[in-house]
Amino acid sequence: MHPAAPLSRPVKLWICACIALVFCMVVVGGLTRLTESGLSIVKWKLVSGILPPLSHQAWEEEFTAYRTSPQYAQVNHGMSLPEFQHIFWLEYIHRLLGRLVGLTFAVPLAFFWLRRKLPPPVARKMLGLTALVGVQGVVGWYMVKSGLVDVPWVSPYRLAFHLGLAVILFCLLIHVLYSSQCFHLPHRRSPLFPLSLLTTGMVFAQILMGALVAGLDAGLTYNTWPLMDGALAPPGLFHLEPVWRNFFEYIPMVQFQHRWFAFAVLTIIIYQHFRVMVTYKGSRIARASSGLLSLVIVQIMVGIATLLEVVPVALATLHQAVALGVIGFCVLVNHMLYCYPESTAQQDVGLRPEGDETDDGKTA
């Protein structure tokens, strides 16, 4: 791997802003689903949709378009204009935030690239991530379209695809932010790195399972813990044919696997933390691993509370936000284990972003 120059402070602030906006985008997207606001805007107007309805006539036209949707006919029939405006605004904010994310990626990227303030590897990565933002917007509309034809809800598969891309974007941004800080230093890959990759993959799979739970409204059933209908595993988990459909489409199975896979994730993170503490006790890796373990425990507790309270909006939103925090910590631990310094004396330097560089390349 070719050495990478450390990033300047403005570039790091830009990437941090991108991370924060993607985080907000995912949280607001979860809110739109929880409040059933995501299908309130039935057309995708990339440019003209920047402005909301500004007159009573414009509102009536938007409402008329919504009344042609399955959600209005089957769920919200008889809804008043003020009630429509309530769900419209959240989806409008979600789409406006998506446009802001695109601009925040593209405009500074062009500026830094033209000014030659980006190391070539970082420039290429951020160009790819900017393209991914565009793809994510198209996938978002592809998801919404599934709820505008016959049924008043989006496809769980498309929802999982949309959320999965957002999580990948979030993780890659964290990787870009940190990867340029250590590869120019002597380092070696820790033997624990493959274990950390496995942990990250399991967390990602659990997030996708959560998307299926959300898409099927599976959290609105079996609102007891730890039993489901009086048993650890309710009968008839393999009700659908072919068998594979049960894992993605059958509510009891989808909730069952999301419940208990969480503890598989917890187990591997406890094991990883034990290995990290034995090998790197007192280092930044150990502290990051402790943060990851603590956050996973919090996430499981929030998830159980969300289920028991029958998916209140506040708890469900927190559950999704903490999930991003968990996988963000996973990426951070991955980075630290991949870039572990060759000497103990270098450890604290190699595991954190170096001193910021000023525009003239000197370390601040």
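The numbers here are math on the coordinates, done by the rules we state, and not lab data. Note that this is a predicted model, so its numbers are computed, not measured. With ideal geometry, Cβ positions are generated from the backbone for all residues, glycine too; neighbour counts draw on all protein chains shown.
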Revision key, fill the gap. Label model pair T224, T64: point-to-point distance (7 angstrom along the Cα→beta-carbon line) in nm is 5.2 nm
Review point. What spacing in nm lies between the two simple spin-label points modelled at K45 and L103, each 7 Å away from Cα in the Cβ direction?
Key: 1.8 nm
Review point. How are the C-alpha pair distances of the stretch 1-68 spread across 10 Å bins, as whole percents from the shortest bin up?
Key: 16, 28, 26, 15, 11, 4
**Study point:** Lysine pairs with alpha-carbon atoms under 26 Å apart, the stretch 1-185, spacing 8 or more or separate chains
**Key:** 5
Exercise for review: About the Cα centre of the chain, how large is the charge dipole given +1 on each Lys and Arg Cβ and -1 on each Asp and Glu Cβ? Please answer in debye to the nearest 20.
Suggested key: 1200 debye
Practice item. Work out how much length V310 to R116 would gain on full extension: take 0.36 nm times their residue separation and subtract the Cα-Cα distance, in nm to one decimal. Key: 64.6 nm
Point to revise | Of (i) 30, 27, 22; (ii) 38, 30, 15; (iii) 34, 24, 17, the label for semi-axes √(5λ) of the Cα gyration tensor in Å derived from the coordinates | key: (ii)
Practice item. Could you please rank V26, V254, placing first whichever residue has the fewest other Cβ atoms within 10 Å of its Cβ? Key: V26, V254
Check your understanding: Taking all pairs of different Cα atoms in the stretch 233-312, averaging 1/r and flipping that mean, what Kirkwood radius in angstroms comes out?
Key -> 14.8 Å
Practice item. For the stretch 253-331 and the stretch 82-112, write down the distance between their C-alpha centroids in whole Å. Key: 29 Å
Exercise for review: Please find the FRET efficiency linking E83 to D217, where r is the Cβ-Cβ separation and R0 is fixed at 25 Å, and quote it to the nearest 0.05.
Suggested key: 0.75
Exercise for review: Tell me the trypsin sites (Lys or Arg not before Pro) within the stretch 206-303 that lie in a loop according to DSSP and have at most 15 other beta-carbon atoms within 10 Å.
Suggested key: K281
**Study point:** P(r) tail fraction, the stretch 1-185 - alpha-carbon pairs more than 31 Å apart, %
**Key:** 28 percent
